[in-house]
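Peer 1: Next up is a structure, given as C-alpha cells.
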Amino acid sequence: MPLSTEEYDKLSPDEREAYDAAERQREREEQAALPYTWTQQLGDVDIVVPVPIGTRARDLAITIAKKKLNVGLKNQEPIMIGELCHDIKVEDSTWSLDDQKEVQIHLEKVNSQQWW
C-alpha cells in the first residue's frame with residue numbers, strides 16, 4: 001500500500017530500500033496484467049499499446065483528452081479506455097504507430113512535479 005510523503009520520510013534508510021523494492025515488484029506485477037505498458041518521468045508518461053501486426057494509422061481510434069485516454073481499432077472494442085488520474089496537456093501529447101504493430105503514446109503532465 002502506498003505511503004504518504006510524511007510516512008515515507010519517517011522510514012529509516014533500510015526501511016525505505018525495502019519499501020521501494022516492494023513497490024517496484026508490485027508495479028511489475030500490475031503491469032504484467034495490463035494489455036499495455038507504461039513508464040513515467042516527473043513531466044510525462046509514455047504508453048505502448050500493442051496492436052495487430054499490419055495495423056495502419058487510419059485503422060486506429062485514439063482519443064487523447066485532458067483527463068481521458070481511449071485506444072483501439074475502429075469498429076472494435078477499445079484496447080484501453082478510461083480516465084487518467086491527473087490532467088494532461090492535450091496540445092503537447094502525441095501518439096504514433098510504430099512498425100504497424102504498436103502505438104506509442106506520449107502524455108505531457110500538467111503538473112510536472114507529480115508522480116502518478
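Peer 1: Report the residue count in the stretch 62-111 for those that are of a type outside the set (Val, Ile, Thr), touching an Asp or Glu at 6+ places or on another chain (Cβ under 8 Å) and not in a strand (DSSP E or B).
Peer 2: Going through the stretch 62-111 one residue at a time, the tally reaches 4.
Peer 1: Considering only residues that are open to solvent by 60 Å² or more (accessible area, probe 1.4 Å) and of a type in the set (S, T, N, Q), which ones fall in the stretch 86-103?
Peer 2: Thr94, Gln100
Peer 1: Give just the number: which of (1) open to solvent by 60 Å² or more (accessible area, probe 1.4 Å); (2) out of contact with any Phe, Trp or Tyr (no Cβ under 7 Å at 6 or more places or on another chain); (3) assigned to a loop (DSSP other than H, G, I, E, B) does Thr55 not satisfy?
Peer 2: That leaves (1) as the condition not met.
Peer 1: Right, another one. Being out of contact with any strand residue (DSSP E or B) (no Cβ under 9 Å at 6 or more places or on another chain) and either within 14 Å of Trp38 (Cα to Cα) or open to solvent by 40 Å² or more (accessible area, probe 1.4 Å) (or both): is that true of Glu83 here?
Peer 2: no
The values are calculated or read from the model by the stated rules, or taken from the named source; none is laboratory data. Since this is a predicted model, take the numbers as computed values, not measurements. So basically every Cβ, Gly included, is an ideal-geometry build from the backbone, and we count neighbours across all protein chains shown. Keep in mind that these areas ignore ligands, DNA and RNA; they rest on the heavy atoms of the full protein, side chains included. Shrake-Rupley method; radii C 1.70, N 1.55, O 1.52, S 1.80 Å.
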